[in-house]
Amino acid sequence: MLELVVHPRVSARHPQLSDEDVRVAWQNSFFQALRTGSKNSPEYLWIGIDGKGREVEMVGVPTATGYLIYHANTPLSKRVRDEVKGRRT
């Protein structure tokens, strides 16, 4: 099983999201994309539903044992909505 680490800055910047909210959303992700050209390459974007029914955007990188999520937000930002829309056209 992959280890998921949620960086402390997530809840510090977005107190409406707990680490558990992010973990549940990641486990229930319905969208995943490699963000090519990122300075943090390989960087991934996930969108999932947390235990409260909210869509959560998550950004992270692979680690030796799983993934580190260093950004998460709800609701989805316009930038992320546009990114997803651009990938589906």
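Taking amide H positions as modeled 1.01 Å from N, with prolines and chain starts lacking one, the residues under 5 Å from His71 and 5 or more places away or on another chain are Val59. Average 1/r across all pairs of distinct alpha carbons in the chain, invert it, and you get the Kirkwood radius: 13.0 Å.
Remark: the Thr65-Val5 segment gains 20.6 nm on full extension, using 0.36 nm per residue and subtracting the alpha carbon distance. With each label modelled as a point 7 angstrom along the Cα→C-beta vector, the Phe30-Asp82 pair spans 2.4 nm. Dividing the mean sequence gap of close Cα pairs (under 8 Å, 6+ apart) by how many residues the chain holds gives a relative contact order of 28 percent.
The packing ranking of peptides 14-26, 67-79, highest mean first, is 14-26, 67-79, where packing means the average number of other beta carbon atoms within 10 angstrom of each residue. Look at Thr65, Thr36 and count the other Cβ atoms within 10 Å of each Cβ; fewest to most, that gives Thr36, Thr65.
Read-outs: derived from the displayed coordinates by stated rules, not from any lab. As the structure is a prediction and not an experimental result, all values here were calculated from the model. Because the Cβ atoms are built from the backbone with ideal geometry, glycine has one as well, and the counts that use them run over all protein chains shown.
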